[in-house]
Each structure stands twice: as C-alpha cells, then as structure tokens.
Amino acid sequence: MFKNVVGLVTGGASGLGRATVERLVKEGGRVVLCDLQSSSGHEVEKELGKNVIFVPTDVASENDVVNALQVAKKEFGQLNVAVNCAGIGIAFKTYNFNKKTPHVLQDFTKVLMVNTVGTFNVIRLTAGLMGENEPNQDGERGVIINTASVAAFDGQMGQAAYSASKGAIVSMTLPIARDLADQGIRVCTIAPGLFDTPLLSSLPDKVRHFLEKSIPFPKRLGKPDEFALLVQSIIQNPLLNGEVIRLDGALRMQP
Ligand SMILES: NC(=O)C1=CN([C@@H]2O[C@H](COP(=O)(O)OP(=O)(O)OC[C@H]3O[C@@H](n4cnc5c(N)ncnc54)[C@H](O)[C@@H]3O)[C@@H](O)[C@H]2O)C=CC1
Ligand SMILES: C[C@]12CCC(=O)C=C1CC[C@@H]1[C@@H]2[C@@H](O)C[C@@]2(C)[C@H]1CC[C@]2(O)C(=O)C=O
C-alpha cells in the first residue's frame, strides 16, 4: 500500500507516534523516526528493521529538523508524509489560591514551544522538501498530519497551557493547508480523546475505569493503532485537506 511512501514521524518512539511508525512500515513505507535523544528511538529502530531510521531530534530546533530532513533525502531519496506526534503536557491551574502562586510562565511557554512551535517548525521545513517531489496524477506532492487533542475544544481545569498549545494547532490547520495548496500538499489535524499510551497506562486502574466510563462509545481508551489507522486513511484520501478530525468515541471532557 505505501511501497513508495517515505514518512517522517515526530514523537515516533512512543505511544501514538510509535503506532504510526509501525503502521507505515507494515504497509510497506519507510520512516525517519524523530524523537528526543533520551527517548526509546534506538530500540524502536532496532525492532522495526532497515525501513526505520531514528534521528535524535528536538522538534523545536531548526538545526535538528533540517538534519532529519537531510537524512530522509539522503537515505530514502524523498519525503511524502510528515506526522507530528511529539508533544508534552502539564497540569497547573492559572492561579493557585492555596499557595498564592500564579502559573509559572516558563511552564506555559515550554508547552507552547514543544507542541505548537515544534509542530509549525516541522511543517514549515518539511513543506520545502515535499515541494521538490514530482506531483502524482492528482497533483499531490505530500501530506502533513498534526496531532491536537480534544483539550483544544473542551480543556479541563489545569490545562490552560496544554489547551492553548493544541488550540493553536487546530487554528493553524486551515491557513497552512491554504498556504501549501498550490504545491499540492495537504494538511490535516487529528484531535484524539483518551488513548492507551504510556501516559494513561501508568494511571491506577480505578482512574482508568473512571476515564473509560466518561466515553459514550466505545467505553474504552483508544488503541494507538486506531490513531495510526486514521493517519493511513488521511494519507489515502485525496479530498481530506484543511480539516480537524476528532477521534474520541464522542467524548466531551468535563470541567
Ligand atoms: N494519549 C492520549 O490520550 C492523547 C495524546 N494526545 C497527543 O498525542 C501526541 C502523542 O501522545 P502520546 O503518544 O500519548 O505521548 P507519549 O508521551 O507516549 O509520546 C510523545 C513522544 O514525544 C516525544 N517528545 C516530547 N518532546 C519532544 C521534543 N521536543 N522533540 C521531539 N520529541 C519529543 C517524547 O519523547 C515521546 O516519545 C501528543 O502530542 C499528545 O499531546 C492528544 C490527545 C490524547
Ligand atoms: C488529567 C487526566 C484526566 C483525569 C485523571 O484522572 C488523569 C488524567 C491524566 C491524563 C490526562 C487526563 C485528561 O485530562 C486528558 C489528557 C490530557 C490526559 C493525557 C492526554 C489526554 O488524554 C489529552 O491530551 C486529551 O486531550
């Protein structure tokens, strides 16, 4: 299915990103896996074989992303798909009235730096390399897929930074799709609900059951491969562009 597809997946060493790398490779694609040096990138690379190259990358660094793109070009000859999964979260209220302390400003900017600036950094640099591709019969040169969150729409208490960072990804999807349309590069964003990744699997069973019960249907955490399956569908469907798709079993987060 993805025999001639070369993908770049950020946050590819864990959770939703890792599932995406696995699916692209299973379908015949080759992948540059971008994640932090401290991640499990080397282990994943070893496990998945020669069609995956791990390139230690901080998504917020111009040099790191340029380097990852050079590896894609040198080793695989091109880049057709970029999937932005790298992300971090924190939980602090805007003002802690017990401790009489405001949200630390650097914590807020750090989350925006990784989630929003990092995503945009990858998009802007990737677009240049994709623009070099020969267009297919539909005039398409590439597909870029971002990861927001349902917290972009119904952010909970303590999620000002996280929701702002993901809301920005939602908001920039359409203008970037418009910016890149003339080159035949599509841009979509997935807004996941609650997925069974290391973040949630470390929660006590009681909390996980509570979270599962809050989802209308199916009443369970999403499987990372269900995220990867939507990535695959977006790549395959040439009409999907400029769209944000919630993947959440109809979940609406409570305050
Ligand atoms: N798991 C869930 O329920 C949901 C996750 N999301 C979003 O999906 C994305 C993936 O989440 P998970 O797989 O659950 O998380 P995860 O923590 O399992 O994976 C995130 C990966 O991003 C990497 N990363 C962090 N900062 C980075 C940086 N500066 N540069 C490069 N890589 C960096 C981490 O090393 C890690 O491998 C995140 O953007 C998250 O906000 C959104 C909604 C729900
Ligand atoms: C904060 C939550 C929900 C309450 C709880 O007991 C434990 C949690 C830790 C993981 C959080 C939970 C929820 O806010 C949704 C997110 C933020 C989750 C981590 C990823 C998450 O599913 C997401 O990004 C949703 O948009």
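Overview of results
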{"read-out": "Amide H within-cut-off set for residue 2, under 5 Å, with H built and near neighbours excluded", "value": "28, 29"}
{"read-out": "Whole-Hz couplings from phi, Karplus 6.51/-1.76/1.60, listed for the range 20-28; x for Gly and Pro", "value": "5, 4, 4, 5, 4, 5, 4, 8, x"}
{"read-out": "Kirkwood Rh in Å, taken over all unlike Cα pairs in the range 55-140", "value": "15.2"}
{"read-out": "Solvent accessible area, Å² - residue 120, 1.4 Å probe, full protein context", "value": "90"}
{"read-out": "Candidates 112, 79, 125, ranked by Gaussian network fluctuation over the chain, Cα under 10 Å, top entry", "value": "125"}
{"read-out": "Residue-wise HN-Hα coupling along the range 12-18, computed from phi with Karplus coefficients 6.51, -1.76, 1.60 (Hz; x: Gly, Pro)", "value": "x, 8, 8, x, 5, x, 4"}
{"read-out": "Per residue accessible area of the range 119-224, 1.4 Å probe, in Å²", "value": "48"}
{"read-out": "Cα-projected label distance for residue 137 with residue 67, points at 7 Å along beta-carbon direction, nm", "value": "4.1"}
{"read-out": "Potential extension, residue 156-residue 106 segment - 0.36 nm per residue separation minus Cα distance", "value": "16.0 nm"}
{"read-out": "Pair residue 210, residue 97: separation of 7 Å Cα→Cβ label points (nm)", "value": "2.1"}
{"read-out": "Per-pair calculated FRET efficiency, R0 = 30 Å: residue 237 and residue 74 via Cβ, rounded to 0.05", "value": "0.50"}
{"read-out": "Probe 1.4 Å, accessible area per residue of the range 30-101, Å²", "value": "58"}
{"read-out": "Residue 196-residue 90 FRET efficiency (beta carbon distance; Förster radius 25 Å; 0.05 resolution)", "value": "0.75"}
{"read-out": "Relative contact order (%) - the chain, alpha-carbon pairs under 8 angstrom, separation at least six", "value": "19"}
{"read-out": "Cβ charges +1 (Lys, Arg) and -1 (Asp, Glu), total dipole of the range 103-251, debye", "value": "500"}
{"read-out": "³J(HN,Hα) computed for each position of the range 230-239 - Karplus, 6.51 cos²θ - 1.76 cosθ + 1.60, integer Hz, glycine/proline x", "value": "5, 4, 4, 4, 5, 4, 7, 9, x, 8"}
{"read-out": "Estimated [θ] at 222 nm from DSSP helical runs (n ≥ 4, -39500 (n - 2.57)) normalised by residues in the chain, nearest 500", "value": "-11500 deg cm²/dmol"}
{"read-out": "Tail weight of P(r) past 32 Å, computed on alpha-carbon pairs of the chain, percent", "value": "19"}
{"read-out": "Long-range amide H partners of residue 247 with built H, under 5 Å", "value": "191, 193"}
{"read-out": "Value of relative contact order over the range 136-255, rounded to a whole percent, pairs C-alpha under 8 Å and six or more apart", "value": "36"}
{"read-out": "Amide H partners (placed H, <5 Å) of residue 146, local residues excluded", "value": "84, 188, 189, 190"}
{"read-out": "Portion, in percent, of the accessible area of the chain that falls on carbon or sulfur, probe 1.4 Å", "value": "56"}
{"read-out": "Cα centroid separation - the range 151-207 against the range 71-141, whole Å", "value": "11"}
{"read-out": "Shape of the range 179-255, Cα gyration tensor, a/c cut at 1.5", "value": "prolate"}
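The values are calculated or read from the model by the stated rules, or taken from the named source; none is laboratory data. Quick caveat: nothing in here was measured; it's all calculated off a predicted structure. Every residue, glycine among them, receives a Cβ derived from its backbone with ideal geometry; neighbour counts consider all protein chains shown. What goes into the accessible areas is simple: the full protein's heavy atoms, side chains included, and nothing from ligands, DNA or RNA. Shrake-Rupley method; radii C 1.70, N 1.55, O 1.52, S 1.80 Å.
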